[in-house]
Each structure stands twice: as C-alpha cells, then as structure tokens.
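Enquirer: One structure, as structure tokens, below. Some questions next.
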Amino acid sequence: MKSFGQFCPLAQAAQLLCERWTLLVVRELVAGSTRFGELQKGVPLMSPTLLSARLKQLVQAGVVTRTGSKNKYVYELTKAGRELTPIVQLLGAWGHRWVQTSLVVEDLDASLLMWDMRRSIKQDVFPGHRVVVQFEYADASKGAKDWWLVSEHGAVELCLNDPGCDVDIVIKSPLRTMTAVWTCQIEFDDAVRQGEIEVFGDAALTTNLSEWLQASALSHLGSLGGPPDVDWRVA
C-alpha cells in the first residue's frame, strides 16, 4: 500500500480504500457477501490472489473481520466497515447521476449482471411456490448465454446450469439492453414494447416482471437523487 505522505484523515482513508478493487470488495461486503466465493462473483475479473490480499489489508485495518477455518472463512464488516455503507451508496448514486455508464462490449458482463440481479430482486412479488425464470443472452460470451433465477419461498437462487425444473418465464434480451435496464438507463417495460426484450410465459406471472426485477439499488438511488437509505443487503 503506497503512502500519500500526508497525515490528513482523508489521505489516510484514501490510502486504504482507493487502491484498485478495494472499494468494489467493500461494495460486495456491504451487499451481504460473506464467503470468498461470493465475493469473487461480484468481482469476477479480480484474481483470487489479489482478492485475498485486499481482504487481508481490510482485516488488518479493522474494517473487516475474518472468522472460521481455512476454506470456510467468513468475512464481515466491523463497525468501522459498516460506517462505509452510506459512502459506498453515495458514491454509486453520484456515479449514476454524473458519470456516463459505459455499455461498450468490454464492460458488459453477464455473470456480474445476473449476480447483482439475484440479490436485488424483490422476492415477495411472486407467489411462494417455485417460479423459474430463464434469461437468454444470445450475444453473451460462450458459457454465459443462459441463466436461470429460481424463486421459491421468498428466496432466489442463481443457476448457470439448467436446474432441471419447468421454466415459467423466458426472457430473451441483448446483454447490453438488460444491462441498461439494470442501470436505470431504460425501463424494462419500454424495452419490451420496443421489441428489445422478449418475454414468454404465464401472463399471470409476466405482468409482475417489472416489479420483480428491481433495478440496481445504487442506480435507483442515483435516479431518485434522494438519500441513500435503501437496504440492498442479501437477506
């Protein structure tokens, strides 16, 4: 960790938090990820070695605690870490309002999109029985074209492999379009009306899709321009 050579508290904080990937790791912890594998899903382009190093720095700084044994470690924010929540939310909201989100091919990532979608979905919209929603991204990279979200009893699971259940809803969309929906650049219903997104399935369920697919919490805050009081952590 390079020093700014300043005693200023802001410089000291930036010294810790502004290294590459660190704030994104904090974002994942704020969102509720506690296992190494869960954290990796939120920062898929970050190497495991670097993720381990950043977590070690955060633990040493008193921002994160690590409990459990090897291969079963649990990472959680300390009081100091939890106080970063409004900072992360405000920075994300500011980015949505003032920094143009890039939707170039290099920045599109189906796995990150679906992982964020899975934890932000409004779970109580669908009935308690199992509802399976399949997403098809024809333009995604090989191995990331088909995804399944399984909603059951108020919980949502993400599957990259066919879960072997009857599919209730199929959503076909370019990856760019669904990413734009998720970052509040376009409305889901508008994309459907324009033919950018195709929806197939039980009308009783598809009519609630736009409510079920809540947009990214940080983007939603940026759109509202209001105080960051949304709890976007995994239940």
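Bear in mind that the values in this text are calculations on the coordinates, not laboratory data. The model shown is predicted, which means the values in this text are computed figures rather than measured ones. For neighbour counting, all protein chains shown are included, and Cβ atoms are generated from backbone atoms with ideal geometry for every residue, glycine included.
Enquirer: With unit charges on the beta carbon (Lys/Arg positive, Asp/Glu negative), name the residue among 51, 171, 88 whose Cα is farthest towards the positive pole of the charge dipole of the chain.
Expert: Positive-end residue among those listed: 51.
Enquirer: Okay, moving on. Report the FRET efficiency, 1/(1 + (r/R0)^6), for residue 107 and residue 190, where r is their Cβ-Cβ distance and R0 is 35 Å, rounded to 0.05.
Expert: So, using R0 = 35 Å, E works out to roughly 0.95.
Enquirer: While we're looking at this one, here's another question. Taking the Cα centre as origin and putting +1 on Lys and Arg beta-carbons and -1 on Asp and Glu beta-carbons, what dipole magnitude results for the chain, to the nearest 20 debye?
Expert: Charge dipole of the chain: 1360 debye, to the nearest 20.
Enquirer: Which of the listed residues, 111, 200, 133, is farthest toward the dipole's positive end in the stretch 105-220, when Lys, Arg count +1 and Asp, Glu count -1 at the beta-carbon?
Expert: Toward the positive end, the furthest listed residue is 111.
Enquirer: Can you list the lysines whose alpha carbon is less than 20 Å from that of residue 142, not counting same-chain residues fewer than 8 positions off?
Expert: Reachable lysines: 41, 172.
Enquirer: When only C-alpha pairs under 8 Å and at least 6 residues apart count, what is the relative contact order of the chain, in percent?
Expert: Once normalised by length, the contact order is 19 percent.
Enquirer: While we're looking at this one, here's another question. Restricting attention to the stretch 129-198, which chymotrypsin sites (Phe, Trp or Tyr not before Pro) occupy a DSSP loop and are surrounded by at most 11 other Cβ atoms within 10 Å?
Expert: Sites meeting the loop and neighbour criteria: none at all.
Enquirer: Between the DSSP loop rule and a limit of at most 14 other Cβ atoms within 10 Å, which trypsin sites (Lys or Arg not before Pro) in the stretch 40-81 are left?
Expert: Hits after loop and neighbour filter: 70, 72.
Enquirer: What dipole magnitude, in Debye to the nearest 20, does the stretch 9-83 give about its Cα centre under +1 on Lys/Arg Cβ and -1 on Asp/Glu Cβ?
Expert: Working: 11 positive and 5 negative charges, 44 e Å.
Approximately 220 debye in magnitude.
Enquirer: Among 206, 183, 67, which one shows the biggest mean-square fluctuation in a GNM of the chain, springs joining Cα atoms closer than 10 Å?
Expert: Evaluated over the chain, the most mobile residue of the options is 67.
Enquirer: So if I take the centroid of the Cα atoms in the stretch 115-149 and the same for the stretch 173-212, what is the distance between those two points in Å?
Expert: Between the Cα centres of the stretch 115-149 and the stretch 173-212 lies a distance of 12 Å.
Enquirer: Rounded, prolate or oblate: which fits the stretch 105-220, taking a ≥ b ≥ c as square roots of the Cα gyration tensor eigenvalues, rounded meaning a/c under 1.5, else prolate when a/b beats b/c?
Expert: Verdict is rounded for the stretch 105-220.
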